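The values are calculated or read from the model by the stated rules, or taken from the named source; none is laboratory data. Small disclaimer: the values here were computed from a predicted structure and weren't measured. Positions of Cβ are generated from backbone atoms using ideal geometry, with glycine treated the same way; all protein chains shown enter the neighbour counts.
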Amino acid sequence: MKKRFFFVIYIAAAFSLFAQSPSGPSIYIENITGSGHTPSDNPFLTEMMIMELQARDFHVVGSPREADYILSGLIQPYDGEGNFLLTFMLRDNSTGVDVLQQTLVYNTVDDVTPLFPMIMFNIISNIPYA
């Protein structure tokens, strides 16, 4: 009887853990490169990408070898008025083909923050949900 009880508890725990694991495609997020308005733009925007994708049930992995897709970003000066061009690139890791490139002009990360959910939605709309 004791063995069955522990077996049932074990199965219930395993089922709970399985139910909580992300079920979407795996994505490796490269750190955003380039230089923006401040040195903190890159890590801030990279972390926003991670949070947004995890909130949408995508599995963010720590290595490109584990990923179905690779999402990268680049910040470049845009004009002489202090604006920057933020470019996102999504690559299918199995084929090496770029699936999407999306750009946004911004001055400070405060300009990007309200638009970020829409930007990520546009990006993930190009990923078939497995």
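What residue, of Tyr78, Tyr106, is among the hydroxyl-bearing types (Ser, Thr, Tyr) and under 19 Å from Thr46 (Cα atoms)?
Working: Tyr78 fails: under 19 Å from Thr46 (Cα atoms).
Just a single option satisfies the conditions, and that option is Tyr106.
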* Structure fact -> Those residues of segment 75-130 which are touching a residue at least 12 places away in the same chain (Cβ under 8 Å), farther than 19 Å from Gly24 by Cβ and assigned to a helix (DSSP H, G or I) amount to Val109, Val112, Thr113
* Would you be able to say whether some residue in segment 47-62 is in a loop (DSSP other than H, G, I, E, B), modelled with pLDDT of 90 or more and of a type in the set (A, V, I, L, M, F, W, C)? => no
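Yes or no, residue by residue, for (1) modelled with pLDDT under 90; (2) closer than 17 Å to Phe116 by Cβ; (3) not charged (D, E, K, R):
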| position | (1), (2), (3) |
| --- | --- |
| Ser21 | yes, no, yes |
| Asn31 | no, yes, yes |
| Ser40 | yes, yes, yes |
| Leu86 | no, yes, yes |
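Does Arg91 satisfy the condition of being at pLDDT 90 or above and surrounded by 17 or more Cβ atoms within 10 Å (Cβ to Cβ)?
Numbers: at pLDDT 90 or above: yes; surrounded by 17 or more Cβ atoms within 10 Å (Cβ to Cβ): yes.
So Arg91 passes the test.
Does Arg65 satisfy the criteria of being surrounded by 13 or more Cβ atoms within 10 Å (Cβ to Cβ), basic (Lys, Arg) and over 21 Å from Pro39 (Cβ atoms)? Before the answer, list the steps.
On the way: surrounded by 13 or more Cβ atoms within 10 Å (Cβ to Cβ): no; basic (Lys, Arg): yes; over 21 Å from Pro39 (Cβ atoms): yes.
Against the criterion (surrounded by 13 or more Cβ atoms within 10 Å (Cβ to Cβ), basic (Lys, Arg) and over 21 Å from Pro39 (Cβ atoms)), Arg65 does not qualify.
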